[in-house]
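Enquirer: Structure incoming, see below.
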Amino acid sequence: MTTDYSNEALYIGIMSGTSLDGVDVVLVDFSAAYPKLVHSLCLPYPAELKAELALLAQPGANEIERLGLAEADLADCYAVAVQQLLQQAQVDPTRILAIGCHGQTIRHRPNARQPFSYQIGDQHRLAMLTQIPVIADFRRKDIAYGGQGAPLVPAFHQAIFAAQNQGRCILNIGGIANITLLLPHQPIQGFDTGPGNCLLDNWIELHQGKAFDANGAYAASGKLDAALLGLLLSDPYFQQTGPKSTGREYFQLYWLQQQLQQLQTLTGSMPAAADVQRTLSRFTAGTIALAVSRFVVSEIYVCGGGAHNAVLLQDLSELLPQCQINTTAALGVHPDWVEAMAFAWLAYAYDQQIPGNVPAVTGASQPLVLGVRYTP
């Protein structure tokens, strides 16, 4: 039995972010003034695919061959997630107008001689497997017009979270953290603040064999290392103003290990593993606070995996005492599904010919309808 959604404008959003924890899939109805989340699920990556995607984010041997195989495997994984979503929601695939698929970022080089951003996933294969049109490749048109292709979620944040008289910040803490500034009577602003969960995840996997630090428990067992924190904060990225964006190919385990080696050279000692985890939490919070404090903001709404890290949220509260900090659940959207909903919205925006980028955010020369349509 399927549910009759004949009067709805149904889109699916697929988001697989820099944390590599899996595929977030949402079913969203855009028939009313406010998007309605109909159903959602997260499908973890198979261990082998997750490991391969992590390797492809860095230069390596036989990349093109491995990339071709990974793109097909990704499409298969996305298709399974879509099929499970529709089965659980009891919705026939013919009711879906399109799938908005972000793809998996393996390189983001906005400052290269020829800037580029590469999100993989065989979208033709996904359209074939699901028999639903797919809208993808959202970043490269923005880059062609002089932008960084990221972040792309601020236009969606503005569409559903803006308030007339409140200075709001929507903070997404995924592998990389980014902010959207919704300030009264001012143009929307936003940029990547730096690492979100990526270094925290890398470090705990290395030392505890865990994919992430549940509720910040490992960080809470350590103590802050002020010298290490100072070194981490000295990276030139944090002094740049927007538009700016970054990725896990820059803020990765090798980058952290370089900072630790420099610390050992300077101090003659190395912090305990739990102390590094504690310091990384403060580092993520500190770089976010540095960015937010440049603006007049009274409310911060957190989404992404970092919304579940109590230590990280406490660090943010201590560093930004002037701000009330909640998750986006307070605005009616569960923090786990905001980004996937954004890519459903970008597919809807493509069909409606609504610009999906914000030039002040990405640096593009003009507003642009983003994406490419792939038909079954």
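Enquirer: Can you find a residue in region 247-262 that is among the hydrophobic types (A, V, I, L, M, F, W, C), touching a residue at least 60 places away in the same chain (Cβ under 8 Å) and part of a helix (DSSP H, G or I)? Don't jump to the end; show me each part of the working.
Expert: Step one: of region 247-262, the residues among the hydrophobic types (A, V, I, L, M, F, W, C) are 251, 253, 255-256, 260.
Narrowing the set further to residues that are touching a residue at least 60 places away in the same chain (Cβ under 8 Å) leaves 251.
Adding the requirement that they be part of a helix (DSSP H, G or I) leaves none.
Within region 247-262, not a single residue is among the hydrophobic types (A, V, I, L, M, F, W, C), touching a residue at least 60 places away in the same chain (Cβ under 8 Å) and part of a helix (DSSP H, G or I).
Enquirer: May I pose another question? Do you know which of the residues in region 238-272 that are out of contact with any Pro (no Cβ under 8 Å at 6 or more places or on another chain) and aromatic (Phe, Trp, Tyr) is most open to solvent (accessible area, probe 1.4 Å)?
Expert: Filtering first and then ranking leaves TYR254.
Enquirer: Filter region 350-365 down to the residues that are among the hydroxyl-bearing types (Ser, Thr, Tyr) and not in a helix (DSSP H, G or I) and list them by number.
Expert: First pass over region 350-365, keeping only residues among the hydroxyl-bearing types (Ser, Thr, Tyr): 350, 362, 365.
Answer for region 350-365, where residues must be among the hydroxyl-bearing types (Ser, Thr, Tyr) and not in a helix (DSSP H, G or I): just SER365.
Enquirer: Tell me which residues, restricted to region 52-66, are without any contact (Cβ under 8 Å) to a residue 24 or more places away in the chain and assigned to a loop (DSSP other than H, G, I, E, B). Show your work before the answer.
Expert: We begin by selecting, within region 52-66, every residue without any contact (Cβ under 8 Å) to a residue 24 or more places away in the chain; these are 52, 55, 59-66.
Those that are without any contact (Cβ under 8 Å) to a residue 24 or more places away in the chain and assigned to a loop (DSSP other than H, G, I, E, B): PRO59, GLY60, ALA61, ASN62.
Enquirer: Identify the single condition in (1) more than 16 Å from the chain's Cα centre (by Cα); (2) surrounded by 18 or more Cβ atoms within 10 Å (Cβ to Cβ) that ASN326 does not satisfy, given that it satisfies every other one.
Expert: (2)
Enquirer: Quick one: GLY190 ticks every box in (1) farther than 24 Å from GLN148 by Cβ; (2) of a type in the set (Gly, Ala, Ser); (3) touching a strand residue (DSSP E or B) at 6+ places or on another chain (Cβ under 7 Å) bar one, so which box is it?
Expert: With respect to (1) farther than 24 Å from GLN148 by Cβ; (2) of a type in the set (Gly, Ala, Ser); (3) touching a strand residue (DSSP E or B) at 6+ places or on another chain (Cβ under 7 Å), GLY190 is out only on (1).
Enquirer: Look at LEU228 and say whether it is touching a residue at least 12 places away in the same chain (Cβ under 8 Å), hydrophobic (A, V, I, L, M, F, W, C) and open to solvent by 80 Å² or more (accessible area, probe 1.4 Å).
Expert: Numbers: touching a residue at least 12 places away in the same chain (Cβ under 8 Å): yes; hydrophobic (A, V, I, L, M, F, W, C): yes; open to solvent by 80 Å² or more (accessible area, probe 1.4 Å): no.
Here the answer is no, as LEU228 does not meet what is asked.
Enquirer: If a residue has to be over 15 Å from ARG168 (Cα atoms) and of a type outside the set (Asp, Glu) to count, how many in region 318-331 make the cut?
Expert: 1
Yes/no per residue for (1) in a loop (DSSP other than H, G, I, E, B); (2) modelled with pLDDT of 95 or more; (3) exposed (fewer than 15 other Cβ atoms within 10 Å of the Cβ):
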site: ASP315; (1), (2), (3): no, yes, no
site: PRO321; (1), (2), (3): yes, yes, yes
site: ALA330; (1), (2), (3): no, yes, yes
site: ASP336; (1), (2), (3): yes, yes, no
site: MET341; (1), (2), (3): no, yes, no
site: TRP345; (1), (2), (3): no, yes, no
site: TYR348; (1), (2), (3): no, yes, no
site: PRO367; (1), (2), (3): yes, yes, no
site: PRO376; (1), (2), (3): yes, yes, yes
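Enquirer: So which residues in region 273-311 are part of a helix (DSSP H, G or I) and either of a type in the set (S, T, N, Q) or open to solvent by 30 Å² or more (accessible area, probe 1.4 Å) (or both)? Full working, then the answer.
Expert: Step one: of region 273-311, the residues part of a helix (DSSP H, G or I) are 273-292, 305-308, 310-311.
Listed by number, the residues that qualify are GLN277, ARG278, THR279, SER281, ARG282, THR284, THR287, LEU290, GLY305, HIS308, ALA310.
The values are calculated or read from the model by the stated rules, or taken from the named source; none is laboratory data. Because the structure is predicted, anything quoted here is derived from the model rather than measured. Glycine gets a Cβ as well: all are built from the backbone with ideal geometry, and neighbour counts include every protein chain shown. Surface accessibility is based on the protein's heavy atoms, side chains included, excluding ligands, DNA and RNA. Shrake-Rupley method; radii C 1.70, N 1.55, O 1.52, S 1.80 Å.
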